[in-house]
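Here's the structure we're looking at; comments come further down.
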Amino acid sequence: MNAMTRRAVIGTAAVSMALALSACGKAGGGSEEKRSSTKIGLLLPENKTARYEALDKPQFEKAVKDACRHCEVVYNNAASDVVKQKQQFDQLVADGVKVIAIDPVDSAKAAGWVKPAQDKGVKVVAYDRAIEGADAYVSHDNYKVGELQGEALIAALGAKAATAQIVMINGDEKDPNAALFKQGAHIALEGTVGKIAYEASGEWDPKVAGEKMSAAISSVGKGKIGAVYSANDGMAGGIATSLENAGIKGIPVGGQDAEVAGIQRIVAGTQTFTIYKSPMDLAPKAAEFSVDLLLGVPILAQRETNGVPSSLLDPVVVDKTNIQSTVIKDGIYKAGDICTKELAAKCAELGIK
């Protein structure tokens, strides 16, 4: 389907929806059920990672509204509670919401929710984390994320890489993305660094990650750790605190998600890089799939992932050399969001403005 044909199909579907809305306003008894058919559910998994509330949610809502002015987003965050997310999902289905975009707390459990919802006419978009049997899946290439993390850590180590002992603090083992990050990072690191001396899950929790880092310091030895892989920026914050408390300075620490706190640590020099998975790409693509499914328009997927039509986007490494040309240029942050009084001089050195 070319762009002109696609716009025509979407336009026709949107007009049909508008007429249905107008009719339901006059009909009386079935009006609430009709209105619910214009709603798109968005369920995000947790709020420990700042990106979900600050970036993903508003970008998804904006993209839905831009594509379908009659559509409304019904949003909930599960706060890392799979039982709560199931209740949120079931409530959307009960309310007659016809499309649900969900970033699951537990993908395996969420897979069991899909078929019963589909049997009731609900379409499910897997957002960022794959869900078996979903109608569509949008994410970044998560294997590539891990590979980039590993490669960036090696680049930061330079000539020291061949003998360096690496600490790996991975994401929550219930998260399929965490497994892909870990797999990609291992492929990059193994055979290139000295060895992975300590590895554990930080459970996507900065406090847990800090505790695991302290355990790694005790296990490996304060002066023997060459670099630290952190699966995301939130955990990198806890790791950086543990390193500082132990008096360890100057070793590469990587993260992911391009959180403002992670970018600030890169400016300050306590984190080396992050991985930018732009919600400016992810949320609009998920919103596009959601609106298309709602309107009955064929979705434009790049590929299939385990039989699910999918689009996988490209992640980008952000370090001190390209903050200006990535997260600031894209409008994710303003310089003022990053450059506190304490960081002003270093921001100026890096050309962040």
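The values are calculated or read from the model by the stated rules, or taken from the named source; none is laboratory data. None of these values were measured; they are calculated from a predicted model. Reconstructed Cβ throughout: ideal geometry from the backbone, glycine too, with neighbour counts over all protein chains shown. These area figures cover heavy atoms from the full protein model, side chains too; ligands, DNA and RNA do not enter into them. Shrake-Rupley method; radii C 1.70, N 1.55, O 1.52, S 1.80 Å.
Quick one: putting +1 on the C-beta of Lys and Arg, -1 on the C-beta of Asp and Glu, what dipole do you get for the chain around its Cα centre, in Debye to the nearest 20?
500
Please name which of A261, M280, V316 has its Cα lying farthest along the dipole of the range 184-343 towards the positive end, using unit charges on Cβ (Lys, Arg +1; Asp, Glu -1) and the Cα centre as origin.
The residue sitting farthest along the positive end of the dipole is A261.
For the pair D81 and A345, what calculated FRET efficiency results from E = 1/(1 + (r/R0)^6), where r is the Cβ-Cβ distance and R0 = 51 Å, to the nearest 0.05?
0.75
Checking the table K39/K115; K109/K144; K48/K86; K39/K86; K98/K207; K182/K222 against a 29 Å threshold on Cα-Cα, which pairs fail?
Pairs exceeding 29 Å: K98/K207.
Rounded to the nearest 10 Å², what accessible area does R129 show when all protein chains are kept and the probe is 1.4 Å?
Taking all protein chains as shown, R129 has close to 10 Å².
With the other protein chains left in place, how much accessible area per residue, in square angstrom, belongs to the chain at a 1.4 angstrom probe? Present the calculation step by step, with values, prior to reporting the outcome.
Working: 15520 Å² over 353 residues.
Computed with neighbouring chains in place, this is 44 Å² per residue.
Mean Kyte-Doolittle of at least 0.0 and a Cα length of 30 Å or more along the axis: which whole DSSP H helices of the chain meet both?
3-27
Given points 7 Å out from each Cα along the Cα-Cβ axis, report the D90 to E211 separation in nanometres with one decimal.
About 3.1 nm, to one decimal.
Percent of accessible area on the chain owned by carbon and sulfur, 1.4 Å probe? All intermediate terms of the calculation are to be shown ahead of the outcome.
Numbers: 8050 of 15520 Å².
Here it works out to 52 percent.
Enumerate the lysines that K334 could reach by cross-link, defined here as Cα to Cα under 18 Å, with residues fewer than 8 away along the same chain left out.
K277, K320, K346, K353
Taking a 1.4 Å probe, which of E244, E203 shows the most accessible area, and what order do the others take after it?
Greatest to least solvent exposure: E244, E203.
Take every DSSP beta bridge with both residues inside the chain and express the antiparallel ones as a percent of the total, to the nearest 5.
Taking every DSSP beta bridge within the chain, about 15 percent pair in antiparallel fashion.
Let's test the formula: R0 of 22 Å, r as the Cβ-Cβ distance of T192 and T321. What FRET efficiency results, to the nearest 0.05?
After rounding, the FRET efficiency stands at 0.50.
Pulled fully out, how much extra length does the chain show between E199 and K353, if you take 0.36 nm times their separation in residues and subtract their Cα-Cα distance?
Result for the pair: 51.7 nm of gain on full extension.
What is the calculated FRET efficiency for A162 to K48, with r their C-beta to C-beta distance and R₀ = 30 Å, to the nearest 0.05?
After rounding to 0.05, the efficiency reads 0.25.
Bin all alpha-carbon pair distances of the range 167-210 at 10 Å intervals from 0 and give each bin's fraction as a whole percent.
For the range 167-210, the binned pair fractions read 28, 52, 20, 0 percent.
Out of residues 5 or more away from D128 or on other chains, whose amide H comes under 5 Å of its own, with H placed 1.01 Å from N in the peptide plane?
Long-range HN contacts for D128: V138, S139.
Give, in nm to one decimal, the length gained when the segment between A335 and A108 is fully stretched (0.36 nm per residue of separation minus the Cα-Cα distance).
Taking 0.36 nm per residue and subtracting the Cα distance, the gain is 77.7 nm.
State the three equivalent ellipsoid semi-axes of the range 258-334, derived from the C-alpha gyration tensor as the square roots of 5 times its eigenvalues, in descending order and whole Å.
32, 13, 9
Could you work out Rg/(2.2 N^0.38 Å) for the range 86-156, with Rg from alpha carbons only?
Normalised Rg, Cα atoms only: 1.40.
Among I352, N245, S230, whose Cα projects farthest towards the positive end of the dipole of the range 209-353, with charges put on the beta-carbon of Lys, Arg (+1) and Asp, Glu (-1)?
Comparing the listed Cα positions along the dipole, N245 ranks first.
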